[in-house]
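Worksheet for the structure shown next.
The values are calculated or read from the model by the stated rules, or taken from the named source; none is laboratory data. Computed from a predicted structure; not experimentally measured. Every residue, glycine among them, receives a Cβ derived from its backbone with ideal geometry; neighbour counts consider all protein chains shown.
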Amino acid sequence: MSRKENKPICFQQSNDSFIKWLVQTLGPVLLGAKPSEILSFPSNDKELTEKINKIHHHFGNCKKISFKIFHFNHKSTKVLFYKPISLEAALTDFRNARFLKSIGYPKEYSLESYLGHMIDKIKKGNIPDEIGLFLGYPLKDVIGFMGHPSLKLTKVNGWRVYGDAALSDQTYNEFLKAKATIKKLLTFANMDQILSYA
């Protein structure tokens, strides 16, 4: 069996503008620079059912990126896309894990239980501050956003940055670099090639 036949196929080639936008938006997740991305689609979007069907069709068999679909306050449908290996690394980082357990996450870690805990909060109508850790933001910025008195707002650069900006800038630049890489790949590669590159 050839290498091409062995690789997980996530996308069929598509000229669909929604799928192309989605792949470009998810570039940092696909390339492992960002553990997850959450997208929101208004409930009154006339193309909502079609968009959700396209997500299932193009991402349903993907082994490199997973997704969860849920509703928020009857106002929108949210889709959390995540790269399991990257999200595991972010959530099991010692400092992040200790913080999440301190605010009520299960003492025994599993990716599914942590995702479930966070998504349950959103389903109840609140976007939890700690979602920043799931999205790959530094812990200091999440804690600063939550009002930690020793961390002062430094700037806004993709998100609110608190304290020393060096780590935040590095993280943000990695996100931008991944977006640029995916944009470049979309000009000459098909969807399957992008996923094999990821």
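Brief remarks on what is shown
- Within segment 137-182, being under 17 Å from Arg95 (Cβ atoms), assigned to a loop (DSSP other than H, G, I, E, B) and either out of contact with any Phe, Trp or Tyr (no Cβ under 8 Å at 6 or more places or on another chain) or hydroxyl-bearing (Ser, Thr, Tyr) (or both) holds for Tyr137, Pro138, Met146, Ser150, Gly163, Asp164.
- Reported count of residues in segment 36-86, each being in a strand (DSSP E or B), of a type in the set (D, E, K, R) and modelled with pLDDT under 95, is 0.
- Within segment 100-130, the set of residues being touching a residue at least 40 places away in the same chain (Cβ under 8 Å) and not in a loop (DSSP other than H, G, I, E, B) comprises Leu115, Ile119, Ile122, Lys123.
- One residue from Ala97, Ala89 being in a helix (DSSP H, G or I) and either farther than 25 Å from Asp141 by Cβ or in contact (Cβ under 8 Å) with a residue 40 or more places away in the chain (or both): Ala89
- Within segment 48-94, if we keep just the residues that are of a type in the set (Phe, Trp, Tyr) and crowded, with 16+ Cβ neighbours inside 10 Å, the residue that is farthest from the chain's Cα centre (by Cα) turns out to be Phe72.
- Residues of segment 149-173 satisfying the condition of being crowded, with 16+ Cβ neighbours inside 10 Å and not small (Gly, Ala, Ser): Leu151, Thr154, Trp159, Arg160, Val161, Tyr162, Thr171, Tyr172
- A search for C-beta distances below 8 Å between a residue of segment 161-175 that is more than 19 Å from Gly32 (Cβ to Cβ) and any residue that is surrounded by fewer than 18 Cβ atoms within 10 Å (Cβ to Cβ) and among the basic types (Lys, Arg), counting only pairs 6+ apart in sequence or on different chains, returns Val161/Lys155; Tyr162/Lys152; Gly163/Lys152; Ala165/Lys155.
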